[in-house]
Amino acid sequence: QQAQQAQQAQQAQQAQQAQQAQHAQSAQLAQQAQQAQQYQAQLQQQQAILQARQQQMQQYQVQQQQLQAQQKAQYEARLIEQRVEQQHRMQAQQEAQAKRAEEMKNKQEDMKRLQAETLAVAGMRNAFNKMNLVIPENFDSLKEQLLQKMAAELENCGSQKAAVQADYEKAIEVGQERVKFVLGMRKKNEEKMKEAELKREAAKQNTKELLVELAALVETAETAATKFGVSVKTLCEKTDLNSESAVNKAVAKVEAESEIASDKAKAAMSFIATNGGPIRVVGTFKKMDEDEDTPNFLTLHKQASTAKNGIDDNNNKLKAARVRFLAKAAANDVVKIHKAIFTKYDKNKDNMLDRKEIVALGKAEHGGFTVNEATLDMIFKVMVGDKAKGVKFEEFMRLQTAVGIARERTKDLERRAVREERENELADARKTLQGNIEEVMLAIKGASSAANEVGNQIKNLPQKAKDMKSADMMKKSEEFEEATKSAEEKLQAAGEEVDKFGGDDVDKDLQNWVKVEKTKLVAHKKNVDNIIARAKTAIVSFKAQATKKDQVEVQAFFTTAMARLRAFMASEKLTPAELFKKVAGGVETFDKDKFAAFLVKAPKVESEKEGEDIAEEDFARAFSILDEEKSGSVSDETFVASLRKLMKVIKDVALTETLSLTDAKSVRRLEIGEAVEVLQGPAKEGELSRVRAKALKDDLEGWVSVAGTAGTNFLEEGGGVFKVVKETIMTECFEIDGGTKVGSKVKESTRKLKPGELLEVRSWGKKQDGTGLTRMKCKAKADGMIGWVTTLGNTGIKFCELV
């Protein structure tokens with residue numbers, strides 16, 4: 001029973017399940033039928049829409065046909081109007097050309113007539129001008145010629161006929177005045193010639209008188225000169241003037257005659273200087289006409305000059321004679337002095353100096369010198385004969401010289417001994433100094449060796465630099481700098497030792513030698529200085545290469561970093577501000593560690609080389625470009641400004657609300673020169689490339705076409721650089737009088753910006769309350785300074801404009 005009951009229950013359950021399945025199947029069939037009905041209704045609706053569109057298309061085609069017919073009729077009518085208008089225009093041009101041709105013909109005829117008149121008038125006036133040079137002899141003939149020319153050419157003068165007639169009458173008057181003037185001048189010239197002749201006769205008479213007076217002066221001068229010459233000759237022939245007083249007395253007498261003769265010659269020459277001019281003007285160089293009694297001026301002048309020259313020659317002879325006589329008298333005095341000395345030591349009065357007397361002479365007259373026996377033997381051998389007992393007075397001068405020579409020879413021997421002792425002392429001192437010099441030279445050579453080693457290693461650096469990284473180059477530079485510094489310190493120590501040479505402790509006799517040796521050391525040191533200088537220059541150059549390569553590497557890392565950030569921002573559909581929050585981790589700034597850590601995890605971009613991984617420390621190096629204020633951290637403002645994409649409007653274009661241009665509503669029209677920030681895109685709308693952008697002028701957002709279908713560009717890359725067009729200042733705060741921020745890293749709070757400087761935008765311009773100035777935050781490209789700049793004044797003056 002239980003089994004039957006279980007079986008029945010199972011059957012009932014199966015029947016219930018079958019019934020439920022049947023109900024479900026019925027419901028499914030009903031649903032499918034309902035869906036089929038809905039699909040049929042939609043299909044009918046689409047067919048109705050299609051029929052409506054076909055009707056609209058037919059209506060549109062009819063309208064287009066009507067429009068084309070209307071346009072064709074308008075075109076034909078306009079074509080007819082243009083043809084008629086062209087005919088009228090051609091007719092008007094033909095009439096205008098005919099009129100211009102007639103006017104040109106009339107002008108040519110007028111020009112010919114005017115040219116004929118001009119030629120006729122010019123010919124007449126040229127004839128009239130001859131009256132300006134007329135003379136009494138040709139006045140009547142010239143007047144007749146002008147009258148004939150007037151009769152022949154007056155009618156050809158046309159409108160200038162009256163003026164030519166007036167010029168003719170004026171020319172006749174001018175000629176008459178000219179004749180009167182010439183006659184008057186001739187009369188005056190005749191009167192002047194008569195007056196000049198009278199003056200010439202008077203001057204001739206005056207000149208005769210002057211020549212007679214000059215002849216008397218010349219004769220007096222010649223007489224005095226001759227007398228003076230005889231006196232000089234007589235004086236020179238005298239032989240008895242043996243004392244200075246006798247010489248001076250005789251010379252003084254002749255000098256008195258010289259003074260008289262010189263005065264006479266001077267009087268004659270002064271007369272010639274004073275009156276020679278008037279005499280020459282009259283013309284009496286040779287003769288006064290044919291008057292044989294008048295003296296010849298040139299002859300008198302020559303005689304006076306000869307007399308003066310003779311006096312000068314005799315004066316020179318007188319001076320020479322005086323010198324000669326005085327020298328002779330002085331020699332006599334010297335002989336007397338020597339005679340007195342000889343007599344003084346000739347004790348036995350035998351007119352000879354024996355050995356004992358010569359020794360006494362040496363001690364008394366030669367500074368205490370004792371004449372030795374060898375010297376006495378030599379003196380007696382040379383100066384004393386075999387039978388004589390001593391030196392006679394005639395050999396006294398030779399004796400004095402021999403004693404003097406012996407004395408100097410003795411002194412030379414004494415000085416030689418002293419000199420040799422001194423030389424030994426100097427040799428010892430020099431040996432000591434030489435050792436010091438060699439030690440310093442070894443130090444200089446050591447510095448030179450070190451410097452040369454650095455220099456040799458540096459030579460190959462430029463080729464190796466191509467395959468070295470900037471960090472390795474900087475490390476190598478530091479090693480070379482350390483080696484160069486060591487060599488420089490060694491050289492400096494050697495230089496200090498060199499400077500000590502040549503002081504007061506060096507013997508004065510060795511100072512020149514020390515000076516020469518010191519010069520050699522200085523020269524060696526200078527050579528090493530030059531080697532070190534070249535090495536330092538090469539290191540600086542290598543370091544500059546390393547710095548430049550570092551900048552290139554950092555820029556490459558920064559470019560890759562920005563590419564990764566933009567790619568990540570696009571893939572995650574983030575704005576620059578949202579991306580900043582991810583990098584910063586929710587705080588206001590991020591440092592280089594956060595920046596590098598984020599970039600290492602960010603996906604690579606296509607521009608990166610395959611298999612080349614950028615290390616975290618390299619991204620940390622790229623952080624320095626982003627850290628513009630060098631504060632060690634980057635704010636959202638700087639980060640967003642670096643990531644945003646700016647474009648500049650180069651052709652007016654509409655900013656619309658939607659991507660599609662169909663029934664799109666215009667936000668406003670963008671004008672040439674505006675800048676926009678790309679927020680999304682580019683996206684394709686048909687054949688157009690469009691981006692969603694924000695106009696930085698007023699922050700309005702919308703879609704704008706980058707380029708048209710016909711190739712017309714509306715936007716181009718750029719818009720983030722401004723140029724200063726009028727001098728302004730950069731301040732640290734937005735408020736122009738806001739002062740300097742506490743703890744700012746900027747070196748200067750304000751700076752003048754000169755026209756032509758370029759500025760990179762960091763925060764777009766906004767108007768300042770109260771002043772009405774438009775201010776923009778930017779970075780100066782010249783020095784990297786960041787601050788706020790006035791771009792537009794409150795009166796409309798533009799200080800900066802978009803490049």
Exercise. Within region 574-631, can you find the residues that are among the small types (Gly, Ala, Ser), touching a helix residue (DSSP H, G or I) at 6+ places or on another chain (Cβ under 7 Å) and within 18 Å of residue 556 (Cα to Cα)?
Worked result: 596, 597, 602, 607, 620, 622, 624
For this session: Sort through 517, 497 and tell me the only one that's open to solvent by 70 Å² or more (accessible area, probe 1.4 Å) and of a type in the set (Asp, Glu).
Result: 497
For this session: Could you run through region 788-803 and say how many residues are surrounded by 14 or more Cβ atoms within 10 Å (Cβ to Cβ) and within 14 Å of residue 722 (Cα to Cα)?
Result: 8
For this session: Could you tell me whether residue 693 is exposed (fewer than 13 other Cβ atoms within 10 Å of the Cβ) and either in a loop (DSSP other than H, G, I, E, B) or not basic (Lys, Arg) (or both)?
Result: no
Exercise. Quick one: in region 234-255, which of the residues that are charged (D, E, K, R) and outside any loop (DSSP other than H, G, I, E, B) is nearest to residue 329 (Cα to Cα)?
Worked result: 244
Seminar exercise, completed: Those residues of region 482-494 which are among the charged types (D, E, K, R) and buried (at least 17 other Cβ atoms within 10 Å of the Cβ) amount to 488, 490
Exercise. Of everything in region 652-663 that's open to solvent by less than 30 Å² (accessible area, probe 1.4 Å) and either among the β-branched types (Val, Ile, Thr) or at pLDDT below 80 (or both), which residue is farthest from residue 714 (Cα to Cα)?
Worked result: 656
Exercise. Can you tell me which residues in region 637-663 are under 15 Å from residue 562 (Cα atoms) and part of a helix (DSSP H, G or I)?
Worked result: 638, 639, 640, 641, 642, 643
Seminar exercise, completed: Subset of region 664-689, residues within 53 Å of the chain's Cα centre (by Cα) and either closer than 10 Å to residue 654 by Cα or in a strand (DSSP E or B) (or both), comes to 669, 670, 671, 675, 676, 677, 678, 679, 680, 681, 682, 689
Exercise. Scanning region 381-424 for residues that are assigned to a helix (DSSP H, G or I) and in contact with a strand residue (DSSP E or B) (Cβ under 7 Å, 6 or more places away or on another chain), which turns out surrounded by the fewest Cβ atoms within 10 Å (Cβ to Cβ)?
Worked result: 383
Exercise. In region 628-651, what residues are acidic (Asp, Glu) and either closer than 23 Å to residue 718 by Cβ or surrounded by fewer than 17 Cβ atoms within 10 Å (Cβ to Cβ) (or both)?
Worked result: 628, 629, 637
Seminar exercise, completed: Picking from 431, 445, 356, the residue that is assigned to a helix (DSSP H, G or I), among the charged types (D, E, K, R), open to solvent by 90 Å² or more (accessible area, probe 1.4 Å) and over 26 Å from residue 518 (Cα atoms) would be 356
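Listed here are the residues, each with its yes/no results for (1) modelled with pLDDT of 85 or more; (2) under 30 Å from residue 763 (Cβ atoms); (3) not basic (Lys, Arg).
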| site | (1), (2), (3) |
| --- | --- |
| 531 | no, no, yes |
| 539 | no, no, yes |
| 581 | yes, yes, no |
| 589 | yes, yes, yes |
| 593 | yes, yes, yes |
| 610 | no, no, yes |
For this session: State yes or no: is residue 740 open to solvent by 30 Å² or more (accessible area, probe 1.4 Å), closer than 27 Å to residue 651 by Cβ, at pLDDT below 85 and more than 36 Å from the chain's Cα centre (by Cα)?
Result: no
Exercise. Scanning region 528-563 for residues that are under 28 Å from residue 488 (Cα atoms), touching a residue at least 12 places away in the same chain (Cβ under 8 Å) and among the charged types (D, E, K, R), which turns out most open to solvent (accessible area, probe 1.4 Å)?
Worked result: 534
Exercise. Pairs, please: C-beta under 7 Å, at least 6 apart or cross-chain, first residue farther than 17 Å from residue 324 by Cβ and among the polar types (S, T, N, Q) and in region 219-239, second modelled with pLDDT under 85 and open to solvent by 90 Å² or more (accessible area, probe 1.4 Å)?
Worked result: none
Problem set entry | Residue ID - farthest from the chain's Cα centre (by Cα), chosen from residues in region 450-465 that are surrounded by fewer than 14 Cβ atoms within 10 Å (Cβ to Cβ) and assigned to a helix (DSSP H, G or I) | 453
For this session: Quick one: residue 442 ticks every box in (1) without any contact (Cβ under 8 Å) to a residue 12 or more places away in the chain; (2) hydrophobic (A, V, I, L, M, F, W, C); (3) over 25 Å from residue 496 (Cα atoms) except a single one, so which number is it?
Result: (3)
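The values are calculated or read from the model by the stated rules, or taken from the named source; none is laboratory data. Note that the structure is predicted; figures quoted are calculated from it, not measured. Virtual Cβ from ideal backbone geometry, glycine too; neighbours counted across all protein chains shown. With ligands, DNA and RNA removed, areas are computed over all heavy atoms of the protein, side chains included. Shrake-Rupley method; radii C 1.70, N 1.55, O 1.52, S 1.80 Å.
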